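The values are calculated or read from the model by the stated rules, or taken from the named source; none is laboratory data. Since the model is a prediction, treat every value here as computed from it, not as a measurement. Quick reminder, even Gly has a Cβ in these numbers, built from the backbone with ideal geometry, and neighbours come from all protein chains shown.
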Amino acid sequence: MPTNTPSTAANPHSQGELPFAIVEGEPLTNPPEDLYIPPQALEIFLDTFEGPLDLLLYLIKRQNLEILDIPIAEVTKQYMEYVEMMRTIKLDLAAEYLVMAALLAEIKSRMLLPRHEEIDDEDDPRAELVRRLQEYERFKTAAENIDELPRQKRDHWASNVEAIREEKEIPLPDIELHEILLAFKDILQRADMSVSHEIQRESLSVRERMSNVLASLKADSFTEFSSLFTPEEGRMGVVVTLVAILELLKEKLADIVQSEPYAPIYLQAAQQVEE
């Protein structure tokens, strides 16, 4: 093996002489004398046709020919040129195209025979070839449409992430009398804004108001505390309603709940009362 010159050894990656290969970190500028490279060591595979029908369909579409009226002579000539090229490159690949070449030659010879009458579609020598080409074109178009559809592990990947959910029990706050009085204070303010100057005698009964409030409560749903009051009745009316609600709670005919501090207060009828 020839030795490197001093300039090459100092700079093996110079533009004038690139290394042939790098073996164990050492660049080689010349291949070894005993290196054997097979003739077919390097092959470049380009897009080829998938069969004789694919080649025929390509030749027809390239020239914008009508598939129902194929010029057999011209198509056969171009087809044989491609087959001869394939035979010089790879014989085993060209072998499956020879059957189609024989079929084209037969159709060409039958087309050259004289005919005295108009040719029907069934008697046309090209009819069987046209049928096969149309069927192949339908399947090829369907395959291309299917290939364009989104495909898992090619266009998208499924994720298997599991969300971690921690279920925590949130205890409901205890409702004290102070919370009820604060809610009642807001109701009194709205009642004062609706005070009428008309003076009339009102006869209000706590027991009757208890019945009215209990009739508007249900065991399977909640009723907002403030909706049980009628501000138009004035201060006396809302006070009687408050006393009626407190009596219902005292006698355990109604339940009062609140989701969190300072949240709205709701009432519902007790289960035994609903039954």
Take Glu232 and decide whether it is in contact with a Ser or Thr (Cβ under 6 Å, 6 or more places away or on another chain) and in a helix (DSSP H, G or I). yes
Pairing a residue in the stretch 74-88 that is within 16 Å of Tyr58 (Cα to Cα) with any residue that is surrounded by fewer than 17 Cβ atoms within 10 Å (Cβ to Cβ) and small (Gly, Ala, Ser), where Cβ atoms lie under 8 Å and the two sit 6 or more apart in sequence or on different chains, gives Thr76/Ala105
If Glu33 passes every condition in (1) surrounded by 10 or more Cβ atoms within 10 Å (Cβ to Cβ); (2) at pLDDT 75 or above; (3) out of contact with any Leu (no Cβ under 9 Å at 6 or more places or on another chain) but one, which one does it miss? (1)
Checking Glu96 against (1) at pLDDT below 75; (2) not in a helix (DSSP H, G or I), only one condition comes out false. Which one? (2)
